[in-house]
Every structure is written in C-alpha cells, then in structure tokens.
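Here's the structure, in structure tokens; my notes come after.
Nothing in this text is a laboratory measurement; each read-out follows from the coordinates by a stated rule. Keep in mind that what you see is a predicted model, and the values were worked out from it rather than measured. Methodologically, a virtual Cβ is constructed for each residue, glycine included, from the backbone with ideal geometry; neighbour enumeration extends over all protein chains shown.
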Amino acid sequence: MFEWATYFWFIGGVGAGVLHASLLWRAAQQLTAWAPLLGPLRLALVATVLLLAALEGSLLAAAGGWAGGFVAAGLWALERGRAKIREAKSSKS
C-alpha cells in the first residue's frame, strides 16, 4: 500500500530528474564560465533528494521518479533540438 510519503518522494524525484536533465542540456548548449560549477550542483541536488528519500524509506519511489523525469525531459529536449533543425532547414529552402 502506498502512503503519502511515497507519492511525495516520487514527485520530488520527478522534479529532480527534470531539473537535472534541463540543467545538463543547458550546460551542453551554452558553454559559460558557470558550466563547471553546475556539474557538482546537479549531482548534489539529485544526491540530496535520493539520500533524504532513502532515510524516509522511499528510495525506490524517488529513484523511479528521477529516472522518469530525466527521460521525459531528455526526450523533450531531443524533440526541441530536432524541431530547431527542421526549422533551420525549411528557412534555407
């Protein structure tokens, strides 16, 4: 049986996964002076969410949420990149 804490950590994991993937995508697209600092920040964010979830006993829910959020944001970024390429090709024609 699921408790409210399981749902809470799942949603927290989804948020961490989306934020992790979007920050990673942004760092790959725009190289700035802050890019090296954002790597450990991304890892610290995910580690904090997973550690707190593990202490609560909901590690599987948080990890599943993180994976789902990371994949969903990654697929969204991939489609966004493909749309930009299609738009650039159509404007050249």
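Under the membrane-span-like helix rule (DSSP H runs whose alpha carbons stretch at least 24 Å along the helix axis, mean Kyte-Doolittle hydropathy 1.0 or higher), the chain yields 35-56. The packing ranking of peptides 49-58, 32-41, 70-79, highest mean first, is 49-58, 70-79, 32-41, where packing means the average number of other beta carbon atoms within 10 angstrom of each residue.
Recomputing mean projected area of the Cα convex hull in nm² from the coordinates shown identifies the correct label among [x] 7.5; [y] 9.9; [z] 7.2 as [z]. Which of Gly39, Ala77, Leu50 sits closest to the plus end of the dipole of the chain, meaning its Cα is farthest towards the positive end, when Lys and Arg get +1 and Asp and Glu get -1 on the C-beta? Projecting each Cα onto the dipole axis, the largest value belongs to Ala77.
Using Cβ point charges alone (K and R +1, D and E -1), the dipole size of the stretch 7-92 about the Cα centre works out to roughly 580 debye. Compared with the alpha-carbon gap, the fully stretched path from Leu43 to Leu59 is longer by 4.1 nm at 0.36 nm per residue.
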